[in-house]
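Presented below is the structure to which this report refers.
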Amino acid sequence: MDVRELYQQVILDHNRRPKNFQLLDGASHRAEGYNPLCGDRIEVYVEMKGDVLTDVSFQGSGCAISKASASLMTEAIKGKSRRHAEELFESFHSMVTARPGEATKKNELGKLAAFDGVREFPARVKCASLSWHVLKAALRCNSETVTTEE
Amino acid sequence: MDVRELYQQVILDHNRRPKNFQLLDGASHRAEGYNPLCGDRIEVYVEMKGDVLTDVSFQGSGCAISKASASLMTEAIKGKSRRHAEELFESFHSMVTARPGEATKKNELGKLAAFDGVREFPARVKCASLSWHVLKAALRCNSETVTTEE
Amino acid sequence: MTTLDVKADFPILEPDAERRRIIYLDSAASSQKPRQVLDAVRRFYEVSNSNVHRGAYDLAVRATKLYEEARCKVTEFVGGYDSRGVIFTRGTTEAINLVANSWGRDNVRAGDTVVITALDHHSNIVPWQMLAKQQGAAVRMVEVTEDGRLDLEDLRAALKLRPKIVALNYVSNALGTINPLPEIIPLIHEAGAVVLVDGAQSAPHIATSVSDLDIDFYAFSGHKMLGPMGIGALVARPELLDEMNPYQGGGEMIQEVGDEQSTYADIPAKFEAGTPNVAGAVGLGAAIDYLNDIGMDAIHEHETGILHLALERLSDIPGLKVFGPDEERAGVLSFALDDIHPHDLATVLDQEGVAIRAGHHCTQPLMRRLGVQSTARASFYVYNDESDVEVLACGLEKAKEIFSYAA
Amino acid sequence: MTTLDVKADFPILEPDAERRRIIYLDSAASSQKPRQVLDAVRRFYEVSNSNVHRGAYDLAVRATKLYEEARCKVTEFVGGYDSRGVIFTRGTTEAINLVANSWGRDNVRAGDTVVITALDHHSNIVPWQMLAKQQGAAVRMVEVTEDGRLDLEDLRAALKLRPKIVALNYVSNALGTINPLPEIIPLIHEAGAVVLVDGAQSAPHIATSVSDLDIDFYAFSGHKMLGPMGIGALVARPELLDEMNPYQGGGEMIQEVGDEQSTYADIPAKFEAGTPNVAGAVGLGAAIDYLNDIGMDAIHEHETGILHLALERLSDIPGLKVFGPDEERAGVLSFALDDIHPHDLATVLDQEGVAIRAGHHCTQPLMRRLGVQSTARASFYVYNDESDVEVLACGLEKAKEIFSYAA
Ligand SMILES: Cc1ncc(COP(=O)(O)O)c(C=O)c1O
Ligand SMILES: Cc1ncc(COP(=O)(O)O)c(C=O)c1O
Ligand code: FES
Ligand code: FES
């Protein structure tokens, strides 16, 4: 497989110029995630109004995959309901951990489908899902550090 | 090699009816030896007058090789000078640890030459030399436990 | 008697130019290895070798996958609680020392009691003696009956001391005694103690479910169950491991290393400091596959068959005395012949190509209770068959002849 | 540049049906194995396999002999004091933990200081942090200079604290820095401390004499020096080992086991509880033979040649930054390329068949001082050659292209 199927243009772009890459002052929820394999760390901030994620942002260090994934995640869930965000996580997670040939919900994922190639790179699955795990932790409680072990 | 070259008649006899197999009341020197590989233990008693080993005996448990070796040792050194006993030990030790084909002082050892076959059985060399090590320890000081590691 | 017909899988049992046929009757000390296991280890080194977990390249991914697959195989094979509760160690001894040091230092305090048994291997005795000495705790050794079974009355008495832990084996390596764990373990738990089971002799021979038996810590060695040397496992209740402090510090077991102190990874990594023996784990996995292919029940039946055949055949030899119980015994036969020293027996048999063990079998407390320094021991495994028993018996008859000649 | 021309000895480096050619540049993590080592291990299992020391039969005698021969080979190879001072362990990590636990608990007390360095691997940091915490002692970490050498001024300052022990590596796995041991060790001894040298990266690459260097404890791993996984050694001054308490309890390490307490065997057995990894030791012995055949000086020269070639070739790539010192450095190259994350580099290179490592290399304290989370690292060994450097460089250029396209 060509490595460019992993590093698709949208991923490279979001790595270069991540969206929502900042602290969120009015955040009602936040969590921190740590990937012990590389030492990278990501913080996710959420502003919730009722059931809606009115604003989302992230900070931290990471590889192209994790940064782009965090960036695209914030875009995808901003303004969405908590329920919707959780469903996206499910679809995303099953896409990046799918076995070769297995069907995925790629089509429902919009831009996030760019991470379809990750499943061919088992060592990088954690990178793609790190920010999502942190989001989940942030929604679960107010402040927590998670380490991802797939 | 036939196992009967190891278990020669004289060895079998001394195993069955060991000589000087008793406590020696008037012993001036004694030592105890322990073979950690099998848990066997032998005590050697010596009565020294001046430089001469006027009486020698042993007690303990052991295999045929170690018992016969102790028995034949006591016979060989009784009434001999300390120097002579030590020389016998040297010759005996080099015989049982000689490499295949290597020349030994077998001829100077009299009945002790029966242990010539031991060197073909590396696992049993300790058995043959145990009592000799204990003798050496007894002559070195008055009371001691030695463990033999070849 | 069933025949498993697997001898041909074991290269060492074939005579070759360098040496003649070996009748190997010392599997309780260490087993021989089938071609399948040797091939798996070699294939690992030739195709997938690399360090695990931290590599982003293909080889490292493969090696990690194989290593974790081996962990899953172990979990299933012994009926562990969860693969998080499977720690790879060098073998049984290291696994027990891990528990004695990590769990032991935090849970056994001055004045506490640790219960061990007179039927156990030094590896399940000495670590507890060392721990007790360090902590100022007491060691209480449960006695054995005359026929070499655990004295259950004495165990009950020992449990009255409210020990913190009871450490005992499932199967005795010296006598083959199978401890009635389904009866014993509830008693231990009722007494409020944790139980460590030394499975060195059960893992190779008896279908076991650690979780069904409700065992807290289970230790075993790969080299006794057709696997390579240098690998084994501690299988434990994950909740217990979660609470324990690490045993060794180093790579792989950390989360973040500060200048002064560090935080630790989750289990099982927390207990696997340093580069693991990946090839060993892969070999152990292959051994488990091999054993599963035969079937653990078939293996137990086969060994029981040989044991009874041997008991019968050896009873023809006057002066032969067998140690240990008549029932509930694995394929281990400890015996004495006349007053011939066990090492002399072993030497004579060795000249016939028969490898048996002579010695205290790392069970000196038991030997003292049997009133002997050592015994001769023949132990059976998948590759042994009827003809091996016959060669053993003939060798013993030869020994008898040699030694009675002197009478 | 010299070429050792040994690639053909390493089966994993040959392309086959299952996978294409691998350029393996991660030997600092674990080395590949030559056929000669794999053959020796297999031969052991096929001809001599048995447990050691306690067997009276032929196989056990052979296995014991091979095991002790391997000990002698290790002694000679690292210039140990005496084969009694060579303890087989699983690897470096276990060897260091052995010292921290056995020597450490008896010699490091509340208020004492243990000196470690910011250049070291977690395996030579965490055990000392754990010991210090248990004993109420202090850990003092010696700093590094900006170019990744040990700060000798700071070491001198640390020695003023009169530490009980100084633990440091010979060669840094993250940067390749070679510590000037001949200069350092006398200072340590003058300060009244004992020195432990982590030889994980020196044993495979540099001719070393533990006794000439006057090292008290030296630890290394077989798997990094062409040997099998699961074997390594602690090489120590026998007088120190004689006085130390055992680390693990179990079979082999005892003299006599009582019901309540036991006496221990002499060294080295005292520190080798349980069935040892005999096959591993035999494989390590074969690896030593192999390395000796090439010659350690030739190996060092070869690696230095590749390193300098790589330094030169990589300097053609704009934006490539190399970490570590210019001189006194082994065949390890830690680098960054633009702002491309090391894991992304490793993934791109992996697709080109080049295996490099990305990460903190189990040296987080060092990474903090370098101001990075991780680096990309290529490390060289006997089987690498000029062409590997070229493939690496091309892969890096490809990565640069992919990632700059987005700019
Ligand atoms: C310098 C150094 N020390 C210690 C270690 C740990 O060695 P092992 O994992 O074989 O125990 C390594 C390798 O990982 C190393 O490079
Ligand atoms: C019952 C029992 N426990 C523990 C051990 C120790 O196992 P290892 O030497 O593989 O650590 C053995 C075997 O030697 C054994 O038979
Ligand atoms: S490498 Fe650290 S998150 Fe991807
Ligand atoms: S077997 Fe114990 S001394 Fe010979």
### Query
Along region B:9-16, what does the Karplus equation 6.51 cos²θ - 1.76 cosθ + 1.60 (θ = phi - 60°) give for ³J(HN,Hα), rounded to whole Hz, x for Gly and Pro?
3, 5, 5, 4, 5, 5, 5, 5
### Query
Given +1 on the Cβ of Lys and Arg, -1 on the Cβ of Asp and Glu, and no further charges, what dipole in debye does chain C carry about its Cα centre, rounded to the nearest 20?
960
#### Entry: Net charge, D:GLY230 excluded, C-beta distance under 9 Å - Lys, Arg +1, Asp, Glu -1
+2
#### Entry: Backbone HN-Hα couplings from phi across region D:189-199 [Karplus 6.51/-1.76/1.60, Hz, Gly and Pro as x]
5, 4, 6, x, 9, 8, 10, 10, 10, 7, x
### Message
Distance in whole Å from the B-onto-A rotation axis to the closest C-beta of chain B, together with the residue it belongs to, please.
### Response
B:PRO36, 23
#### Entry: Amide H contacts of C:ALA28 (H built 1.01 Å from N, under 5 Å, at least 5 apart or other chain)
C:SER379
### Mean separation of Cα contacts under 8 Å, 6 or more apart, over the residue count of chain C: relative contact order %
22
### Query
Under 18 Å from the Cα of D:LYS164, which lysines turn up, not counting those fewer than eight places away in the same chain?
D:LYS133
### Message
I want the local charge near A:LEU12. Using Cβ-Cβ distances under 11 Å, sum +1 for each Lys or Arg and -1 for each Asp or Glu among the other residues.
### Response
+2
### Query
Which stretch or stretches of region D:63-95 have amide N atoms under 16 Å from the point lying 7 Å from D:VAL47's Cα along the Cα→Cβ direction?
D:63-70
### Summary
Counting only DSSP loop positions in region C:298-362, the GluC sites (Glu not before Pro) whose Cβ has at most 11 other Cβ atoms within 10 Å are C:GLU327
### Query
For A:ALA98, what charge total do you get from the other residues with a beta carbon under 11 Å from its beta carbon, if Lys and Arg give +1 and Asp and Glu give -1?
+1
### Query
Peptides C:61-67, C:148-154: what's the order by average Cβ count within 10 Å, highest mean first?
C:61-67, C:148-154
### Task
In nm, give the distance between the simple-model label positions of C:ASP293 and C:LYS321, each being 7 Å from the Cα along the Cα-to-Cβ direction.
4.4
#### Entry: chain A, relative contact order in percent, only Cα pairs under 8 angstrom and at least six apart counted
31
### Top positive-direction residue, dipole computed over region C:151-236 with Cβ charges, set C:SER221, C:ASN179, C:GLY199
C:SER221
### Query
Taking each residue of D:123-131 in turn, how many C-beta atoms of other protein chains fall within 10 Å of its C-beta, and what is the average?
6
### Query
How long are the semi-axes of the ellipsoid equivalent to region D:43-127, from square roots of 5 times the Cα gyration tensor eigenvalues, in whole Å, largest first?
35, 14, 13
### Summary
Between the residues D:GLY232, D:PRO15, D:ALA346, the Cα farthest towards the positive end of the dipole of the protein assembly as shown, that dipole coming from +1 and -1 charges on the beta-carbon of Lys, Arg, Asp and Glu, is from D:GLY232
## Note on the structure
To the nearest 10 degrees, the tilt of helix B:64-77 (Cα long axis) against the first principal axis of the alpha carbons of chain B is 50
### Task
Within a 10 angstrom radius of each residue's Cβ in D:346-354, how many Cβ atoms of other chains show up on average? Whole number is fine.
6
### Task
Taking H placed 1.01 Å from N in the peptide plane, check which residues at least 5 places from D:ILE254 or on another chain put their amide H under 5 Å from its amide H.
D:ALA265
### Message
Based on alpha-carbon centroids, what's the gap between region B:29-105 and region D:170-204 in Å, whole number please?
### Response
48
### Message
Distance in whole Å from the C-onto-D rotation axis to the closest C-beta of chain C, together with the residue it belongs to, please.
### Response
C:GLY230, 2
## Note on the structure
Treating only Lys and Arg (+1) and Asp and Glu (-1) as charged, each at its beta carbon, one finds that the protein assembly as shown has a dipole about its Cα centre, in Debye to the nearest 20, of 1040
### Query
Can you list, shortest first in nanometers, how far C:GLU239 lies from the same residue in the other copies, with each label 7 Å from Cα toward Cβ?
5.3
### Query
Hey, if you put +1 on the Cβ of every Lys and Arg and -1 on every Asp and Glu Cβ in region B:3-147, which of B:LEU37, B:LEU23, B:LEU12 ends up farthest toward the positive end of that dipole?
B:LEU12
### Message
Going 7 Å from the Cα of B:ARG140 along its beta-carbon direction, which residues of region D:243-270 have the amide nitrogen within less than 18 Å of the resulting point?
### Response
D:243, D:265-268
### Query
Suppose R0 equals 56 Å; then what is the FRET efficiency for D:HIS308 and C:ASP242 from their Cβ-Cβ distance, rounded to the nearest 0.05?
0.70
### Query
How many partner chain Cβ atoms sit within 10 Å of a residue's Cβ in peptide A:30-40, on average, as a whole number?
5
### Task
For region C:71-122 and region D:223-300, write down the distance between their C-alpha centroids in whole Å.
23
#### Entry: Net charge dipole size for region B:34-128 [Lys, Arg +1 and Asp, Glu -1 on Cβ; Debye, nearest 20]
120
## Note on the structure
As straight-line cross-link partners of B:LYS19, the qualifying lysines (C-alpha separation under 20 Å, not fewer than 8 residues apart within one chain) are B:LYS67, B:LYS78, B:LYS80, B:LYS111, B:LYS136
### Query
Fewest first, what order do D:ARG237, D:ARG368 take by the number of other Cβ atoms within 10 Å?
D:ARG368, D:ARG237
### Query
So which residue, out of D:LEU175, D:LEU349, D:LEU320, gets the largest mean-square fluctuation from a GNM of chain D using Cα contacts under 10 Å as springs?
D:LEU320
### Query
Out of residues 5 or more away from C:CYS362 or on other chains, whose amide H comes under 5 Å of its own, with H placed 1.01 Å from N in the peptide plane?
none
### Query
Which FRET efficiency value, to the nearest 0.05, do you get for D:ASP39 and A:LYS49 by plugging their Cβ-Cβ distance into 1/(1 + (r/R0)^6) with R0 = 60 Å?
0.30
### For region C:125-139, 3J(HN,Hα) per residue [Karplus equation, 6.51 cos²θ - 1.76 cosθ + 1.60, θ = phi - 60°, Hz, x = Gly/Pro]
10, 4, x, 6, 4, 5, 4, 4, 4, 4, 9, x, 9, 9, 9
### Message
Under 29 Å between alpha carbons, and skipping anything fewer than 8 positions from C:LYS224 in its own chain: which lysines qualify?
### Response
B:LYS126, C:LYS7, C:LYS33, C:LYS65, C:LYS73, C:LYS270, C:LYS321, D:LYS33, D:LYS65, D:LYS73, D:LYS224, D:LYS270
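Read-outs throughout are calculated quantities, based only on the coordinates presented, and are distinct from any laboratory measurement. Note that the coordinates shown come from a computational prediction; the quantities given were computed from them, not determined experimentally. Cβ atoms come from the backbone with ideal geometry, glycine included; neighbour counts cover every protein chain shown.
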